[in-house]
Amino acid sequence: AEVLVSGSPVTIGLVVDEVCEVLNIASEEIHFPPSWAGGMEEPDFISGLGQLADRDVMLLEIENFFSEEELKAVAVFDE
């Protein structure tokens with residue numbers, strides 16, 4: 001994914017141990033998460049919830065998965 005760090009584009013990627021399944025979820029089956037209980041701030045990296053027949057699936061916004069500070073550290077490390 002390409003994200004902006006201090007206004008400059010930086011390409012990042014994630015390494016995963018395993019992919020269990022790949023799903024196709026129709027746009028009408030995606031809804032926004034409800035407000036978090038207990039006054040917690042809603043995470044920016046959750047873009048919605050996909051609803052399947054037997055379960056809900058959390059959809060992640062990979063561009064928002066890391067904090068600005070973490071991205072800056074990666075950008076500096078990569079130079």
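The values are calculated or read from the model by the stated rules, or taken from the named source; none is laboratory data. All values derive from a computational prediction rather than experimental measurement. We place every Cβ from the backbone using ideal geometry, glycine too, and count neighbours over all the protein chains shown. Only protein heavy atoms, including side chains, enter the accessible area calculation; ligands, DNA and RNA are left aside. Shrake-Rupley method; radii C 1.70, N 1.55, O 1.52, S 1.80 Å.
Observations on the model:
- Rounded to whole numbers, the Karplus 3J(HN,Hα) couplings from phi for the range 59-72 are 9, 9, 9, 4, 5, 10, 5, 9, 6, 4, 5, 5, 5, 4 Hz, using 6.51 cos²θ - 1.76 cosθ + 1.60 with θ = phi - 60°, and x at Gly and Pro.
- Accessible area, probe 1.4 Å, largest first, for residues Ile46, Ile30: Ile30, Ile46
- Here each label is just a point 7 Å from Cα along the line to Cβ, and for Ile30 and Arg55 those points are 1.9 nm apart.
- For the peptides 51-63, 17-29, the ranking by packing is 51-63, 17-29, with the highest mean count of neighbouring Cβ atoms within 10 Å listed first.
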